[in-house]
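K.L.:
To start, I am sharing the structure in question, which I have written as structure tokens.
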Amino acid sequence: MSEASKPGGSAAADSSVSTTARDLVRAAGGGLLIGLPLFYTLEMWAHSFLLPSWKIVLLIGVAFIVVVGYSAVSGFRRDRTWAELLIDSVETMGIAAVVATLALLLLGRIGLETGLRDAIGKIALEMIPVAFGVSLAGAQLASSDDDPDDAEDQGSDVADGAGVGAFGRLFIAAGAALLFALNVAPTEEPVLLGIEAEWWLLILTIPASLLITLGLVFYADFRGGREFKVGDSPLDHPFTETLAAYAVSLLVALLLMWAFGRTDGASVSTIVGQTLMLALVASFGAAAGRLLVGGGQGKQQQEAS
Amino acid sequence: MRQNWLEWMVLGVSVVAVVGLVGFLIFDGITDEGRPPEPRTELLAQAAYEFAGGWIIPATVTNDGDEAAEALALRATASIDGAEEESEISIDYLPPGSDVDVSFGFSGPPEGEVTVQVVGFRLP
């Protein structure tokens, strides 16, 4: 993510209209890149009217918190005030809404004959992954009074990495888990996987998820990966962090299953099965999210400490 | 500080879009009485046409309730050449407030009135 926000950061020093336009294009592009798969998902279309309004509002609220949190934690234009942060996040959601509307129109999912509630529901649901993409593109267009140095330091500054504590990292993990899991959560498949899996297969998903994500973050030497070192905070240990990230993934999976009505009238074993299967996906997202904020700085930070 | 007109415009559109979307959904949530699905079928007799395989009568199905109907099945009954004939159609999803266009097929032009009955549907 620091990679993605870097060009935005350096360009933000210039406040001309053409810079803003470029920011907008990048925002829309990033949003589509992340959101496009879900525009081609039948269940997303249907859930626009199958879900009650308050659930869609709640999902947008969660997405908004993730967007705000991501902007706050990622260190992009860190000198912003809270008001600026909120304004940026509202813009992220607004751009996402416009992009989602245009994409749905282009794909013929909404039109003049679509009921208003149906159309609004579709836009509201589809704008969620788009908002994550806009956010990732680092294109919050706002209050760009930061200087180019500040922006360029972004990717390499040790202080940036140090700013992301264990909880910040978990928050990013939750957001990324949501983003990843959202791509499969609306479909039937997690339910089928959960129902049809043998009990021992379901149990196996837990160590599989833990081992793979532990390896991804602390061993595989991805950009943003960290060394296997123990920090001060109890959550600053690779084992505890991996475990906590998995717990967060389980919660995210359960939230999504509930949000898409998969827990309504379902037995406990069905809920557990589908949540475990979806958590496998979510935990990959959580690992990817931690790699992104790790940004290589965590390593330096830990070496320094 | 917003620094140019485009940024101001983006902010304006964003606020309107977000407040509009969330406002509408909250309003809809509050005013929603949770009425069950009420499929209503309107036959478009004047748009009926003949083809090699028989007679087609288009219809528009509307949901007057607040909830969506899933796997909605409709049965049209008509009398053709003195014999009673049935035509069935199913609709995957009928969202509240939305129209779905369907067509019923018969072997020939119906005599008298065509009646449409809801066979059943699933609740989401």
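The values are calculated or read from the model by the stated rules, or taken from the named source; none is laboratory data. This is a predicted model, so every value here is computed, not measured. So basically every Cβ, Gly included, is an ideal-geometry build from the backbone, and we count neighbours across all protein chains shown.
K.L.:
Report whether or not residue A:123 is at the interface with another protein chain (Cβ under 7 Å from one of its Cβ atoms) and touching a residue at least 12 places away in the same chain (Cβ under 8 Å).
P.N.:
yes
K.L.:
Is at least one residue of segment B:102-111 under 29 Å from residue B:29 (Cβ atoms) and at pLDDT 90 or above?
P.N.:
no
K.L.:
Please determine whether any residue of segment B:39-47 is surrounded by 15 or more Cβ atoms within 10 Å (Cβ to Cβ), within 9 Å of chain A (Cβ to nearest Cβ) and either not in a helix (DSSP H, G or I) or not charged (D, E, K, R) (or both).
P.N.:
For segment B:39-47, residues surrounded by 15 or more Cβ atoms within 10 Å (Cβ to Cβ), within 9 Å of chain A (Cβ to nearest Cβ) and either not in a helix (DSSP H, G or I) or not charged (D, E, K, R) (or both): absent.
K.L.:
Same structure, new question: Which of the residues belonging to segment B:92-112 are more than 16 Å from residue B:75 (Cα to Cα), in a loop (DSSP other than H, G, I, E, B) and of a type outside the set (Gly, Ala, Ser)?
P.N.:
Result: B:95, B:96, B:109.
K.L.:
Looking at (1) at negative phi; (2) modelled with pLDDT of 90 or more; (3) more than 10 Å from every other protein chain (Cβ to nearest Cβ), which is the one condition that is false for residue A:60?
P.N.:
(3)
K.L.:
Also, quick follow-up: Go through (1) more than 14 Å from the chain's Cα centre (by Cα); (2) at pLDDT below 95; (3) more than 10 Å from chain B (Cβ to nearest Cβ) and name the single condition residue A:115 misses.
P.N.:
(3)
K.L.:
Looking at segment B:24-36, is at least one residue closer than 26 Å to residue A:61 by Cβ, surrounded by 15 or more Cβ atoms within 10 Å (Cβ to Cβ), over 23 Å from the mean Cα position of the chain (by Cα) and modelled with pLDDT of 90 or more?
P.N.:
Looking through segment B:24-36, none of the residues is closer than 26 Å to residue A:61 by Cβ, surrounded by 15 or more Cβ atoms within 10 Å (Cβ to Cβ), over 23 Å from the mean Cα position of the chain (by Cα) and modelled with pLDDT of 90 or more.
K.L.:
Within the set of pairs 6 or more residues apart or between chains, which connect a residue that is in contact (Cβ under 8 Å) with a residue 24 or more places away in the chain inside segment A:221-234 to a residue that is among the basic types (Lys, Arg) with Cβ atoms less than 8 Å apart?
P.N.:
Final answer for the pair search is A:224/A:290; A:225/A:299; A:226/A:299; A:227/A:299.
K.L.:
Does at least one position in segment B:67-89 carry a residue that is among the β-branched types (Val, Ile, Thr), modelled with pLDDT of 90 or more and more than 28 Å from residue A:121 (Cα to Cα)?
P.N.:
yes
K.L.:
Any residue that is surrounded by fewer than 19 Cβ atoms within 10 Å (Cβ to Cβ), closer than 20 Å to residue A:48 by Cβ, within 14 Å of chain A (Cβ to nearest Cβ) and small (Gly, Ala, Ser) - is there at least one of those in segment B:66-83?
P.N.:
The answer is yes, given that some residue of segment B:66-83 is surrounded by fewer than 19 Cβ atoms within 10 Å (Cβ to Cβ), closer than 20 Å to residue A:48 by Cβ, within 14 Å of chain A (Cβ to nearest Cβ) and small (Gly, Ala, Ser).
K.L.:
Please go through segment B:13-38 and give me each residue that is small (Gly, Ala, Ser) and more than 9 Å from chain A (Cβ to nearest Cβ), ordered by number.
P.N.:
Correct list: B:23 only.
K.L.:
Any residue that is over 27 Å from residue A:51 (Cβ atoms), part of a loop (DSSP other than H, G, I, E, B) and of a type in the set (D, E, K, R) - is there at least one of those in segment A:240-260?
P.N.:
no
K.L.:
Of the conditions (1) among the aromatic types (Phe, Trp, Tyr); (2) surrounded by fewer than 20 Cβ atoms within 10 Å (Cβ to Cβ); (3) in contact with a Phe, Trp or Tyr (Cβ under 6 Å, 6 or more places away or on another chain), residue A:218 fails just one. Which one is it?
P.N.:
(2)
K.L.:
If residue A:99 satisfies every condition in (1) buried (at least 24 other Cβ atoms within 10 Å of the Cβ); (2) modelled with pLDDT under 95; (3) more than 10 Å from chain B (Cβ to nearest Cβ); (4) in a helix (DSSP H, G or I) but one, which is the exception?
P.N.:
(2)
Residues are listed down the side, and each one gets a yes or a no for (1) under 16 Å from residue A:238 (Cα atoms); (2) in a helix (DSSP H, G or I); (3) at pLDDT 95 or above:
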| position | (1), (2), (3) |
| --- | --- |
| A:159 | no, yes, no |
| A:169 | yes, yes, no |
| A:178 | no, yes, no |
| A:187 | no, no, no |
| A:190 | no, yes, no |
| A:193 | no, yes, no |
| A:213 | yes, yes, no |
| A:217 | yes, yes, no |
| A:224 | yes, no, no |
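K.L.:
Just a yes or no: is a residue in segment A:263-273 within 21 Å of residue A:61 (Cα to Cα) and without any contact (Cβ under 8 Å) to a residue 24 or more places away in the chain?
P.N.:
yes
K.L.:
Kindly indicate the residue of segment A:22-56 that is within 10 Å of another protein chain (Cβ to nearest Cβ), free of Cβ contacts under 8 Å to residues at least 40 places away in the same chain and in contact with a helix residue (DSSP H, G or I) (Cβ under 9 Å, 6 or more places away or on another chain) and also nearest to residue B:27 (Cα to Cα) among those meeting that condition.
P.N.:
Step by step, filter segment A:22-56, then rank; the result is A:54.
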